[in-house]
């Protein structure tokens with residue numbers, strides 16, 4: 001290899017989330033989506049059963065690289081497998097001690113927003129819980145909250161959500177500001193409110 005040769009890139013992404021997605025797919029192939037969704041909720045809530053351990057299912061899902069905690073693994077797995085009964089566990093996880101678990105729960109709520117709305121599971125209480133997370137002391141949680149607000153907010157929530165996201169757009173943290181700007185653009189498009197889009201209008 002000469003200095004001008006490009007560095008070989010991995011064939012597959014090696015981020016923790018990408019590795020988890022591959023593990024989830026493998027366990028789903030082996031056990032089925034409903035079983036994996038149940039296991040994900042048990043990991044998130046700390047209610048793993050002896051059968052989860054002895055069968056190897058919990059280890060197959062969490063892996064052994066240590067990049068994600070078991071609870072965060074359980075939350076993020078719900079991005080790939082879903083059951084509406086996961087919602088209370090995700091909502092409770094917004095109060096978790098570990099910021100990675102709070103952020104993971106918010107990311108899943110953002111990813112699953114369409115399904116939540118279809119099942120009439122988005123209400124003012126859920127949106128308020130997510131809005132409260134926008135004031136979390138950890139930046140990764142605030143970014144995830146911005147994304148979730150943009151995905152979950154309904155027309156009737158805009159009076160409280162729009163000022164929160166607009167304030168976040170002005171934050172000194174560029175990643176948080178970008179997440180909030182994207183969230184506002186998402187709300188503007190989804191609700192047919194171009195006036196909310198922070199990008200310059202043509």
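Read-outs throughout are calculated quantities, based only on the coordinates presented, and are distinct from any laboratory measurement. Since the structure is predicted, the reported quantities are computational estimates derived from the model, not experimental observations. Don't worry about glycine lacking a Cβ; one is built from the backbone with ideal geometry, like all the others, and counts go over all protein chains shown.
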Exercise. Any chance you could give the angle, 0 to 90 degrees and rounded to 10, that helix 99-111 forms with the longest Cα principal axis of the chain?
Key: 70
Practice problem: List 160, 85 from most exposed to least, where exposure is judged by having the fewest other Cβ atoms within 10 Å. | Solution: 85, 160
Practice problem: Using a Gaussian network model of the chain whose springs link C-alpha atoms within less than 10 Å, name the residue from 157, 29, 132 with the highest mean-square fluctuation. | Solution: 29
Quiz item: What Rg and what Dmax come out for the chain when only alpha-carbon atoms are used, in angstroms?
Solution: 18.6, 60
Quiz item: Measuring from centroid to centroid over Cα atoms, what is the spacing of region 112-187 and region 24-86 in Å?
Solution: 26
Exercise. Could you order peptides 175-188, 56-69 by the average number of other Cβ atoms within 10 Å of their residues, highest first?
Key: 175-188, 56-69
Quiz item: Exposure proxy check: 49, 91 ranked by fewest other beta carbons within 10 Å?
Solution: 49, 91
Practice problem: Quick one: order 39, 149, 90 by neighbouring beta-carbon count within 10 Å, fewest to most. | Solution: 90, 39, 149
Self-check item: Viscosity 1.306 mPa s, 10 °C: Kirkwood-radius Stokes-Einstein D of region 13-81 over Cα pairs, µm²/s
Solution: 138
Quiz item: With no solvent and one point on each alpha carbon, what is the Debye value of log10 I(q)/I(0) for region 73-151 at q = 0.11, 0.12, 0.15, 0.26 Å⁻¹?
Solution: -0.22, -0.26, -0.42, -1.35
Practice problem: Using only Cα positions of region 114-202, each an equal point scatterer, no hydration layer, compute I(q)/I(0) via Debye at q = 0.11, 0.12 Å⁻¹ and quote the log10 values to two decimals. | Solution: -0.27, -0.32
